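The values are calculated or read from the model by the stated rules, or taken from the named source; none is laboratory data. All values derive from a computational prediction rather than experimental measurement. Cβ placement follows ideal geometry from the backbone for every residue including glycine, while neighbour counts extend to all protein chains displayed. Note: areas computed on protein heavy atoms with side chains; ligands, DNA, RNA excluded. Shrake-Rupley method; radii C 1.70, N 1.55, O 1.52, S 1.80 Å.
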Amino acid sequence: QVQLVESGGGLVQTGGSLRLSCAASGRTFSSYVMGWFRQAPGKEREFVATISRGGGVTYYADSVKDRFTISRNNTKNILYLQMNRLKPEDAAVYYCAASQRPMTYSVDYKKYDDWGQGTQVTVSS
């Protein structure tokens, strides 16, 4: 297993930006497919973005494409989510997740084995 700790959440106005970070423990970070998910109060967990082990392949939910960027630094063991032009509907608890399954990336939360504690993103209208 790997321990994941998110940070960078907070309060931002509509149209603003935030960068979330997910710090991973251990020396095998590059062996994990990584993803970001979010969950708003009373709603189901929603896929946001995913990235391949080496960072060469990314995939986004339609709702965030062209606004969010997922990236990773395998030397520092950190996953990032740059969020630009934020909207009120982006408000949620954001979670990072890791998987060692044989896949390039995944939009499916059930494919991920390790999760962070989440970080709150609030967007004021």
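Quick look at the values:
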{"item": "For Val12, net neighbour charge (Lys/Arg +1, Asp/Glu -1) across residues whose Cβ lies under 15 Å away", "result": "+3"}
{"item": "Chain lengthening between Thr58 and Met103 when straightened (0.36 nm per residue, less Cα-Cα)", "result": "14.9 nm"}
{"item": "The chain - percent of accessible surface contributed by carbon and sulfur, probe 1.4 Å", "result": "47 percent"}
{"item": "Extension gain from Gln39 to Lys76, taking 0.36 nm per residue of separation minus the Cα-Cα distance", "result": "10.6 nm"}
{"item": "Separation in nanometres of the label points that stand 7 Å from Cα toward Cβ, at Thr122 and Ala23", "result": "2.4 nm"}
{"item": "Anchor Lys87: aspartates and glutamates whose Cα lies under 17 Å away (excluding residues fewer than 8 positions away in-chain)", "result": "Glu46, Asp62, Asp66"}
{"item": "Sequence-separation-based contact order of the chain, relative, with Cα cut under 8 Å and 6+ spacing, percent", "result": "37 percent"}
{"item": "Spin-label zone in region 47-75 - amide nitrogen under 14 Å from a point set 7 Å from the Cα of Arg85 along the C-beta vector", "result": "62-69"}
{"item": "Heavy-atom surface of region 1-106, accessible at 1.4 Å and reported per residue (Å²)", "result": "50 Å²"}
